[in-house]
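The values are calculated or read from the model by the stated rules, or taken from the named source; none is laboratory data. No experiment lies behind these values; they were computed from the predicted model shown. Glycine gets a Cβ as well: all are built from the backbone with ideal geometry, and neighbour counts include every protein chain shown. Side chains included, ligands, DNA and RNA excluded: accessible areas come from the protein's heavy atoms. Shrake-Rupley method; radii C 1.70, N 1.55, O 1.52, S 1.80 Å.
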Amino acid sequence: MPTTSRSRIVLATTAALASLTAAAHALPQTTETATHAEPSAEPLAGLRVLLSNDDSMQAAKASHADGLGLYEMRKALCAAGADVVVMAPWQVQSGKGTAVTNGGALTLARRTRLPAGYENDCTGAPSGSPVYGVCLSDDACGAGTPSATPADTVKFALRSGLAAKAGWADGPDVVVTGINSGPNVSAQVNDSGTVGAAVAAIDDGVPALAFSSSGDSTNTDFPVANYRANAEFGTRLLAGMRERSLLTGKFAVKVDYPDVSTGRQAKAPLWTDIGHGKVVWHDYAARRGSGDTFDIVPGVCADRPGDSCTETVRRADSTALLSGHVAVAPVTADRTYDATVDGGNNLRKLKHYVEHDAPRP
């Protein structure tokens, strides 16, 4: 293996996705009767995982929008036997996509007091399972210090940081990003720092999975229950991919989990395409007087006239998510139109796994 910021933009609301309901009924269903062998107590034993996100490692907001999902994923991964090192943005970096910083310096800030309830999740991990925030500074990271981008954190970790701080000279076995506060579906995938961090990993040939969870019905709060269900599912998904040799650096795997905070169980995972519709619309028409300042006003796309937001992709990730399924989609770093990596061999194998053998929520 090679050595290798946020006004909260809510990516989905019930109202914004309502226009997709009709399409949801056309989704093909998956087989629910797959049989599985008894799982190992530690199915990820020996797996070295770099964990990052775009929500930061702060986990201080009551809405749980600034990194709590990362700690739920860390907990689940460690419980499954993985050795997890966190290198994540110092501040919230939602919407940064694959942006990188081209100058200056990066500084690591190790978190010594983890959020309440997560202090002992990774006791005994070979690396010590440290949690680092990465800031843009040549001095200590402070409350107002600018943050590294999600892609910065992954590139830094793979090319220098993990070797220096964890002794992983040959890098991690896999990069996991998330769990993001809010889904990353349709056209907004291009803006997603969660997905951007995963793309940074496959740029260096390292397998990567990007996880995102829906919020509650208002999509302003992000229940722990959603993160926890996603983390449990995601860990089993990763274990199955590992067991079947489906981890590849050719493409990243994007997983979006529905809202289960009211007690509704998520439906079986669906293999999807990234939709072409829009859920959030960035509007810049709010000019301040007659000057040269224009406010950035994100809004839900369903409120905008016209049909430019309408989803047209039959098996779209957003449509699957609306219908209550876990939406799984491949993401490549190759922006070439209609490109298929490695002849589609790995894609076909993973698609079959997701549709027939992957864990059910």
Test result for Thr145, of a type in the set (Val, Ile, Thr) and over 21 Å from Asn184 (Cβ atoms): yes
Residues of the stretch 132-162 that turn out to be open to solvent by less than 30 Å² (accessible area, probe 1.4 Å) and out of contact with any Ser or Thr (no Cβ under 9 Å at 6 or more places or on another chain), as a count: 1
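Yes/no matrix, rows are residues, columns are (1) of a type outside the set (Ser, Thr, Tyr); (2) over 19 Å from the mean Cα position of the chain (by Cα); (3) closer than 13 Å to Asp121 by Cβ:
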| position | (1), (2), (3) |
| --- | --- |
| Gly46 | yes, yes, no |
| Asp54 | yes, no, no |
| Met57 | yes, no, no |
| Gly67 | yes, no, no |
| Glu72 | yes, no, yes |
| Ala79 | yes, yes, yes |
| Met87 | yes, no, no |
| Ala99 | yes, no, no |
| Ala105 | yes, yes, no |
Residue within the stretch 112-119 that is closer than 30 Å to Asp273 by Cβ, among the charged types (D, E, K, R), open to solvent by 10 Å² or more (accessible area, probe 1.4 Å) and modelled with pLDDT of 95 or more present: no
Residues satisfying the stated conditions in the stretch 177-228, i.e. hydroxyl-bearing (Ser, Thr, Tyr) and surrounded by fewer than 24 Cβ atoms within 10 Å (Cβ to Cβ): Ser217, Thr218, Thr220
Scope the stretch 42-71; condition over 21 Å from Asn184 (Cβ atoms) and surrounded by 24 or more Cβ atoms within 10 Å (Cβ to Cβ); matching residues: Leu44
Selection from the stretch 109-152 of residues that are among the small types (Gly, Ala, Ser), in a loop (DSSP other than H, G, I, E, B), in contact with a strand residue (DSSP E or B) (Cβ under 6 Å, 6 or more places away or on another chain) and farther than 11 Å from Met87 by Cβ: Ala125, Ser127, Ser129, Ser137
Count - residues of the stretch 262-288 that are open to solvent by 50 Å² or more (accessible area, probe 1.4 Å) and among the hydroxyl-bearing types (Ser, Thr, Tyr): 2
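Which members of the stretch 72-108 meet the condition of being assigned to a helix (DSSP H, G or I), open to solvent by less than 50 Å² (accessible area, probe 1.4 Å) and not hydrophobic (A, V, I, L, M, F, W, C)?
Within the stretch 72-108, Glu72, Arg74 meet the criteria.
Please work out if Asp256 is open to solvent by less than 10 Å² (accessible area, probe 1.4 Å) and charged (D, E, K, R).
In short, yes.
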Residue that is nearest to Val260 (Cα to Cα) [pool: residues in the stretch 328-361 that are among the acidic types (Asp, Glu) and surrounded by fewer than 18 Cβ atoms within 10 Å (Cβ to Cβ)]: Asp357
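Examine the stretch 302-323 for a residue that is assigned to a strand (DSSP E or B) and in contact with a Lys or Arg (Cβ under 7 Å, 6 or more places away or on another chain), and state whether such a residue exists.
no
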